[in-house]
1. With a sphere of radius 15 Å drawn around the Cβ of GLU27, what net charge do the other residues whose Cβ falls strictly inside it have (Lys, Arg +1; Asp, Glu -1)?
2. Going by the alpha-carbon gyration tensor, a ≥ b ≥ c the square roots of its eigenvalues, is segment 36-82 rounded (a/c under 1.5) or, if a/c is not under 1.5, prolate (a/b greater than b/c) versus oblate?
3. Could the peptides 45-57, 78-90 be put in order, highest first, of the mean number of other beta-carbon atoms found within 10 Å of their residues?
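Please treat every number below as a calculation from the coordinates, not as lab data. Since this is a predicted model, take the numbers as computed values, not measurements. Glycine also receives a Cβ, built like all others from the backbone with ideal geometry; neighbour counts cover every protein chain displayed.
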Amino acid sequence: MTEDGGKSQGPKVLGILDLQNTPCAREAILHGAGASFVAGLVHFLGTSRVKRSFDVGVAGFMLTTLGSWFYCRYNNAKLRVQQRIIQDGMKNKVIYEGTNLDPTRKKTEDE
């Protein structure tokens, strides 16, 4: 938080992607950077072609970054759905606790 109460701005990639406030962005960029280095280096060691190895590194960065970002966002969405289901269940337990509709209440024969 800044002094005027607003959110602080983190480092931006290409001036558009705020790494601090965008979910999964930092991890995706780091995974992509590592994969691009490994892919380019392995291709260079195998072929000794510099330009093609650079191209392979860039492609590896793009694919790994996008794949990691989508995977992380999917898991975050799945977690939010699970949390919403749990919150609704807790709310219903509070509402129905002690009534005839309470699913945890044991049914007796004289009811």
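1. So the surrounding residues net to +1.
2. Note, shape of segment 36-82 comes out prolate.
3. The packing order, highest mean first, is 45-57, 78-90.
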